[in-house]
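Read the structure below first, then the notes.
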């Protein structure tokens, strides 16, 4: 913090030596500005950052200023207000996110989503199901897909494949036994 303060003052002195009377006023009032913004922000680091930003904005002034010290204060106060608004927006955004992803029970927030362990377990189960489906015998796989995925009845499947309804039931039984065995391993 002290190094950045020295750096800001050194840059301001170089600028004031070169051309800007406002930079000279900044250098002369640096400590006063810093104390003023410490009293407003109640944080030395924030106040130092604001004073640095005031310095960085000195080149935006155009024309003569009636009250250059007041101008420096106004720049800083605008920065303080901007930071306070941003902090309020961030707090509101974080609260909205927390409220949308958790449930409040008393003073505590409870995340009702699946735990990382449950998520890994579900992914592994899905992979086992995919492998089991891929390893089904062709007839059983075709009947299972038509019934469970496409939503066709046993009678519709029998008619489309040209097999008996009993044949469809046997393919489904084979598919279900195979899937149960493969998934529960």
Inset, instruction - Report whether or not residue 152 is surrounded by 14 or more Cβ atoms within 10 Å (Cβ to Cβ), assigned by TED's automatic domain parsing to the domain that holds residue 166 and either touching a strand residue (DSSP E or B) at 6+ places or on another chain (Cβ under 8 Å) or in a helix (DSSP H, G or I) (or both). - result: no
Inset, instruction - Could you tell me whether the stretch 136-145 includes any residue that is touching a residue at least 40 places away in the same chain (Cβ under 8 Å) and either assigned to a loop (DSSP other than H, G, I, E, B) or assigned by TED's automatic domain parsing to the domain that holds residue 176 (or both)? - result: yes
Inset, instruction - Take the residues in the stretch 86-122 that are in a helix (DSSP H, G or I) and loosely packed, with under 10 Cβ neighbours inside 10 Å, then tell me which one is nearest to the chain's Cα centre (by Cα). - result: 100
Legend entry - Single residue of the stretch 42-51 satisfying the filter (surrounded by 17 or more Cβ atoms within 10 Å (Cβ to Cβ) and touching a residue at least 40 places away in the same chain (Cβ under 8 Å)) that is nearest to residue 27 (Cα to Cα): 51
Inset, instruction - Answer with yes or no whether residue 163 is over 30 Å from residue 26 (Cβ atoms), without any contact (Cβ under 8 Å) to a residue 60 or more places away in the chain and outside any helix (DSSP H, G or I). - result: yes
Inset, instruction - Could you tell me which residue of the stretch 57-81 is farthest from the chain's Cα centre (by Cα), considering only residues that are surrounded by 10 or more Cβ atoms within 10 Å (Cβ to Cβ) and in a loop (DSSP other than H, G, I, E, B)? - result: 65
Inset, instruction - Residue by residue through the stretch 127-142, note down the ones that are surrounded by 10 or more Cβ atoms within 10 Å (Cβ to Cβ) and more than 16 Å from residue 180 (Cβ to Cβ). - result: 127, 139, 142
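The values are calculated or read from the model by the stated rules, or taken from the named source; none is laboratory data. Everything numeric in this text was worked out from a predicted model, so none of it was measured. Ideal geometry is used to build each Cβ from the backbone, glycine not excepted, and the neighbour counts take in all protein chains shown.
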